Amino acid sequence: MFYEIIPQLGYSPYQMCLLFIFWSFFGWGMECCVHTLKMGAYSDRGFLSMPLCPIYGFGVLIINIALSGLVEHPLLMFVCSAAICTTFEFLVGVAMKKLFHAMWWDYSDEHFNFHGYICLKVTLEWGIACVLAECVARPVVEGVLFMIPPLPGTVFIIVMGVLIIIDTVMSVMTVNHINVELKELTDLTGAMYDLADRIGRNLGETALETQERGNEIYAAAYLAGENVSESLETISSDIRTSTEEQLERMRRRYDAIAAFTNRRERRMLNAFPTMHSTEYSDAFETVRKKLRESIGGKMKDAE
């Protein structure tokens, strides 16, 4: 069954698995090359830590199955594949935003975009890429892949399948942890603002209370022959010191979280340079800024 061709699809499950892995790897390599040239530095792309971008694997499989009869009509292939891939990209973008509360890519700066999910420029690129993949690369790729003997091919598919599942679970956990940390950063920001405001109000109230009680205290001290100026300073400074220490602890915790020292988290943020959080935008931009600063610092040190 695993090796039998399904007439409606034109492929066996075995063949589809091989094609998915190959095109996922090819898509990852293409993404890395394009963004490395664009950014001027190596950029590891994709949701997974593995060198795979599943959206390309699924995309090419969909085109192979749905448009196999249009190989002799490149123009029609271009239009249909561009429409299918753009729709697929839009649905994936919306789904990931709903699941992870973030825009993973954003075409808002491009002309003729739709809510940042898709744009005309990328749609045209999808069409061209699919025509090349279907009309030029497909015969060669399938000719080579389908020559792989079933036994080693199946072992390879099983191993890759297990690794992809593990990587997917780890990546989802990483994204969820990023959201937890962004929420804590947002909460800490609000708490620090409230505490700083309280410091100002408490110092003002303490000063008023000290002034009101000052005459009585100094009068009593004068009659008793004592000097209590140091005690008055201690009363006012204790409140300030305690609150400022609490604020400093919050600041240290904030800086520790914002540093994002976890390797998988940093890789995820670097892999999607236009990614932004829809729930914790301010905290996310703070993290992104610190990450850019740390990368810039390392590059200067290397020079």
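The values are calculated or read from the model by the stated rules, or taken from the named source; none is laboratory data. Fair warning: this is a prediction, and the values are worked out from it, not measured in the lab. Cβ coordinates were reconstructed from backbone atoms using ideal geometry, including for glycine residues, and neighbour counts include every protein chain displayed.
Go through region 88-110 and count every residue that is among the polar types (S, T, N, Q) and modelled with pLDDT of 95 or more. Qualifying residue count, region 88-110: 0. Determine if region 159-174 includes at least one residue that is under 30 Å from Ile5 (Cβ atoms) and in contact with a Cys (Cβ under 9 Å, 6 or more places away or on another chain). Scanning region 159-174, I find at least one residue that is under 30 Å from Ile5 (Cβ atoms) and in contact with a Cys (Cβ under 9 Å, 6 or more places away or on another chain), so the answer is yes.
Somewhere in region 85-100, is a residue touching a Ser or Thr at 6+ places or on another chain (Cβ under 6 Å), surrounded by 17 or more Cβ atoms within 10 Å (Cβ to Cβ) and more than 24 Å from Glu285 (Cβ to Cβ)? Checked region 85-100: at least one residue is touching a Ser or Thr at 6+ places or on another chain (Cβ under 6 Å), surrounded by 17 or more Cβ atoms within 10 Å (Cβ to Cβ) and more than 24 Å from Glu285 (Cβ to Cβ).
Do we find that Phe114 is over 26 Å from Ala283 (Cα atoms), over 18 Å from the mean Cα position of the chain (by Cα) and of a type outside the set (Ser, Thr, Tyr) in this structure?
Details: over 26 Å from Ala283 (Cα atoms): no; over 18 Å from the mean Cα position of the chain (by Cα): yes; of a type outside the set (Ser, Thr, Tyr): yes.
Judged against the criteria, Phe114 is not a match.
Sub-9 Å Cβ pairs linking a first residue in region 184-197 that is in the same structural domain as Ser242 (by TED's automatic domain parsing) and within 16 Å of Ala256 (Cα to Cα) to a second residue that is of a type in the set (D, E, K, R) and part of a helix (DSSP H, G or I), at least 6 apart or interchain, are Glu184/Arg253; Leu185/Asp282; Thr186/Asp282; Leu188/Arg251; Leu188/Arg253; Thr189/Asp282; Met192/Arg251, ordered by first then second residue. All conditions but one from (1) surrounded by 18 or more Cβ atoms within 10 Å (Cβ to Cβ); (2) under 22 Å from the mean Cα position of the chain (by Cα); (3) touching a residue at least 60 places away in the same chain (Cβ under 8 Å) apply to Ile63; the one that does not is (2). Evaluation of Asn202 against the conditions (1) among the polar types (S, T, N, Q); (2) modelled with pLDDT of 90 or more; (3) outside any loop (DSSP other than H, G, I, E, B) shows that the sole unmet condition is (2).
Table: residues versus (1) over 30 Å from Phe78 (Cβ atoms); (2) touching a Lys or Arg at 6+ places or on another chain (Cβ under 7 Å); (3) surrounded by 13 or more Cβ atoms within 10 Å (Cβ to Cβ).
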{"position": "Arg138", "(1), (2), (3)": "no, no, yes"}
{"position": "Val144", "(1), (2), (3)": "no, no, no"}
{"position": "Pro150", "(1), (2), (3)": "yes, no, no"}
{"position": "Gly153", "(1), (2), (3)": "yes, no, yes"}
{"position": "Ile164", "(1), (2), (3)": "yes, no, yes"}
{"position": "Thr174", "(1), (2), (3)": "yes, yes, yes"}
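The single condition among (1) without any contact (Cβ under 8 Å) to a residue 40 or more places away in the chain; (2) within 28 Å of His177 (Cβ to Cβ) that His101 does not meet is (1).
Restricting attention to region 87-124, which residues are part of a helix (DSSP H, G or I) and either assigned by TED's automatic domain parsing to the domain that holds Ser277 or more than 26 Å from Arg267 (Cα to Cα) (or both)? Even if it seems obvious, please write down each step before you answer.
First, the residues of region 87-124 that are part of a helix (DSSP H, G or I): 87-100, 120-124.
Listed by number, the residues that qualify are Thr87, Leu120, Lys121, Thr123, Leu124.
Among the residues of region 1-45 satisfying the criterion of being hydroxyl-bearing (Ser, Thr, Tyr), in a loop (DSSP other than H, G, I, E, B) and in contact with a Ser or Thr (Cβ under 7 Å, 6 or more places away or on another chain), which is farthest from Met160 (Cα to Cα)?
Among residues in region 1-45 that are hydroxyl-bearing (Ser, Thr, Tyr), in a loop (DSSP other than H, G, I, E, B) and in contact with a Ser or Thr (Cβ under 7 Å, 6 or more places away or on another chain), the one farthest from Met160 (Cα to Cα) is Tyr42.
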